[in-house]
Amino acid sequence: MLSKKLPLLVMMFVMISFLSKAQYEKGSKFWQVEGTFSGNFTSNTNSTPFPNTTDASTNNSSLTFKRAVFGENNLAKGWLLGYKLEANTSSTDYSLDKSNNYIHTIQAGYFVDKFKPLSKSLAIYGELLAKAGYGIYSGTSNSSINQYSLDANLNVGFRYYLKKNLFINGQTSLVNLSFYQQRTGNYKYTNVNLNSIMNVSSLSISIGKSF
Amino acid sequence: MKSNMKLLYIFAIILLANTYVKAQFNAGESYLGGSLMMNQSKFGESLDNHNSSIGLGYGKFISKNTAKTLSIYVGYGNQSSSSGFLDDKSFGISLNKGRQYYKTIFGKLGIYGGFSGGINYNNQDTKTPYNQEPMGYVERTANQIALSFDGGGGLVYRLNNKWAFTGNLINLDIADVSYSWADGKRNLTQSGVPSSFSEKRFEYNFKPTISFSFGIGIRYILK
């Protein structure tokens with residue numbers, strides 16, 4: 001009788017392991033990182049009114065690191081740290097005018113992720129995220145510039161395990177509430193923005209590891 | 001009790017059968033796909049417009065669920081006016097090499113996804129009116145070389161021995177770098193002498209994003 005049941009038990013075990021979700025169990029942790037780098041360098045030469053060349057460059061980089069721990073019910077809580085650099089430079093060979101502008105922004109925040117595993121390797125999730133940022137200017141301009149920002153986001157995305165512990169995330173923001181203030185000397189610029197995107201046409205990607 | 005056991009076995013076999021369906025493609029099989037476009041328009045006697053392109057894709061299965069892909073695309077466009085003050089010729093060629101992975105869902109339907117790397121070259125010669133002078137124009141020649149790395153995926157349906165359809169759903173932009181250079185001249189300027197200019201630009205992008213779009217492709221399968 002047992003020999004008849006054995007293949008069934010083996011099969012059941014196989015089926016269950018197809019739907020295992022150890023990565024989302026209480027106490028399980030993960031980290032993930034998202035980076036974007038883009039920029040350009042241009043050089044323009046003109047023969048009139050006299051031969052001259054203007055060089056310019058723009059570079060934008062950002063790096064965000066997140067870490068979280070799972071509690072009950074596929075709910076993970078964690079924190080994030082981010083750094084962003086926006087750099088613009090330009091110079092011309094017929095004058096001494098050179099401009100170099102850099103804005104360094106650091107960000108810190110807290111987030112809660114709720115996962116719904118669909119299979120062994122795929123899950124969808126919703127995320128509530130709040131973060132604060134501070135940006136400081138350095139460069140050739142004499143004025144001091146300080147930027148302050150607060151963001152609250154409702155994000156959705158998916159997580160796909162490429163290997164046992166290595167995953168990629170695709171994520172997009174559905175609702176975004178932000179406060180932004182820039183102080184240049186005595187001048188203050190403030191912006192409050194609520195943005196809700198209900199049409200998802202692209203997702204940003206990050207990679208991570210659970211342990 | 002006995003019939004219950006039987007039922008369980010049958011149920012289990014059906015479940016198993018679903019996970020071990022026959023492969024859609026076999027190692028050694030290869031396929032051809034492609035696109036062809038031609039467009040010609042005329043605005044009265046003053047403006048002629050022509051565009052054409054051809055794309056050819058080839059893939060070879062190195063195992064039942066992995067294929068190597070190669071594709072080439074050539075495009076040409078021309079726009080000119082009878083006055084001779086507007087002339088725009090563009091030419092582009094791209095070559096892509098990649099790898100695709102397949103998984104059967106059930107029967108003849110499967111999913112696929114993959115990555116590819118490519119190089120493309122574009123050239124554009126333009127002659128446009130120079131607004132500050134009544135008889136003035138600007139001539140410009142621009143070139144661009146770009147390297148890109150991207151991916152994509154979707155659904156695949158094997159109709160029969162010879163034909164298969166693909167439905168592309170997801171596009172993945174991972175990274176690209178490009179270098180462009182251009183030079184040109186203005187025939188007349190306010191000072192009365194022609195002037196020349198040149199531009200150089202290097203651009204890089206690493207901003208992985210997924211976007212969604214839908215397109216159907218047809219494949220002819222060679223043995």
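Hey, does segment A:155-177 have a residue that's among the small types (Gly, Ala, Ser), part of a strand (DSSP E or B) and touching a helix residue (DSSP H, G or I) at 6+ places or on another chain (Cβ under 6 Å)? No, there is no match, as no residue in segment A:155-177 is among the small types (Gly, Ala, Ser), part of a strand (DSSP E or B) and touching a helix residue (DSSP H, G or I) at 6+ places or on another chain (Cβ under 6 Å).
Whether any residue in segment B:92-99 is charged (D, E, K, R) and either more than 29 Å from B:Lys42 (Cβ to Cβ) or touching a residue at least 40 places away in the same chain (Cβ under 8 Å) (or both) is what I want to check.
Kept after step one, since they are charged (D, E, K, R), are these residues of segment B:92-99: B:97, B:99.
This time we only want the ones that are either more than 29 Å from B:Lys42 (Cβ to Cβ) or touching a residue at least 40 places away in the same chain (Cβ under 8 Å) (or both), so: B:97, B:99.
Yes - at least one qualifying residue is present in segment B:92-99.
Scanning segment A:175-211 for residues that are more than 10 Å from every other protein chain (Cβ to nearest Cβ) and surrounded by 16 or more Cβ atoms within 10 Å (Cβ to Cβ), which turns out modelled with the lowest pLDDT? Applying the filter and picking the extreme gives A:Ser210.
Please work out if B:Phe212 is within 20 Å of the chain's Cα centre (by Cα) and within 10 Å of chain A (Cβ to nearest Cβ).
On the way: within 20 Å of the chain's Cα centre (by Cα): yes; within 10 Å of chain A (Cβ to nearest Cβ): yes.
In short, yes.
Whether a residue is at pLDDT 95 or above and part of a strand (DSSP E or B) was assessed, and B:Leu56 does not pass this test. For segment A:127-135, the count of residues that are within 14 Å of another protein chain (Cβ to nearest Cβ) and either of a type in the set (Gly, Ala, Ser) or in contact (Cβ under 8 Å) with a residue 40 or more places away in the chain (or both) is zero.
Filter segment B:135-171 down to the residues that are basic (Lys, Arg) and surrounded by 17 or more Cβ atoms within 10 Å (Cβ to Cβ), then identify the one that is farthest from the chain's Cα centre (by Cα). Break it down into steps so the answer makes sense when it comes.
Kept after step one, since they are basic (Lys, Arg), are these residues of segment B:135-171: B:140, B:158, B:162.
Restricting the remaining residues to those that are surrounded by 17 or more Cβ atoms within 10 Å (Cβ to Cβ) gives B:140, B:158.
Values: B:Arg140: 27, B:Arg158: 22 Å.
Checking each candidate, the answer is B:Arg140.
Considered as a group, the residues in segment A:23-64 that are without any contact (Cβ under 8 Å) to a residue 60 or more places away in the chain and among the hydrophobic types (A, V, I, L, M, F, W, C) include one that is nearest to B:Asp173 (Cα to Cα), and that residue is A:Phe37. Taken over segment A:139-170, the residue count meeting the criterion of being of a type outside the set (A, V, I, L, M) and modelled with pLDDT under 90 is 9. Among the residues of segment B:88-125, write down those that are surrounded by 16 or more Cβ atoms within 10 Å (Cβ to Cβ) and at pLDDT below 90. Scanning segment B:88-125 gives B:Thr104, B:Lys108. When the test is whether a residue is among the aromatic types (Phe, Trp, Tyr), within 9 Å of chain A (Cβ to nearest Cβ), within 18 Å of B:Gly117 (Cα to Cα) and part of a strand (DSSP E or B), B:Tyr204 passes it. Scanning segment A:145-162 for residues that are of a type in the set (Ser, Thr, Tyr) and more than 17 Å from A:Phe115 (Cβ to Cβ) gives A:Tyr148, A:Ser149.
Can you name every residue in segment A:146-168 that is among the polar types (S, T, N, Q) and under 19 Å from A:Lys84 (Cβ atoms)?
Narrowing segment A:146-168 to residues among the polar types (S, T, N, Q): A:146-147, A:149, A:153, A:155, A:165.
Of everything in segment A:146-168, those that are among the polar types (S, T, N, Q) and under 19 Å from A:Lys84 (Cβ atoms) turn out to be A:Asn146, A:Gln147, A:Ser149, A:Asn153, A:Asn155.
Filter segment B:156-198 for residues that are of a type in the set (Val, Ile, Thr) and part of a strand (DSSP E or B) and give the result. Full working, then the answer.
Quick first cut of segment B:156-198, residues of a type in the set (Val, Ile, Thr) only: B:156, B:166, B:170, B:174, B:177, B:189, B:193.
Hits for segment B:156-198 are B:Val156, B:Thr166, B:Ile170, B:Ile174, B:Val177.
Reported count of residues in segment A:21-65, each being within 10 Å of another protein chain (Cβ to nearest Cβ) and of a type outside the set (S, T, N, Q), is 9.
The values are calculated or read from the model by the stated rules, or taken from the named source; none is laboratory data. Keep in mind the model is a prediction, meaning the values are calculated, not measured. Quick reminder, even Gly has a Cβ in these numbers, built from the backbone with ideal geometry, and neighbours come from all protein chains shown.
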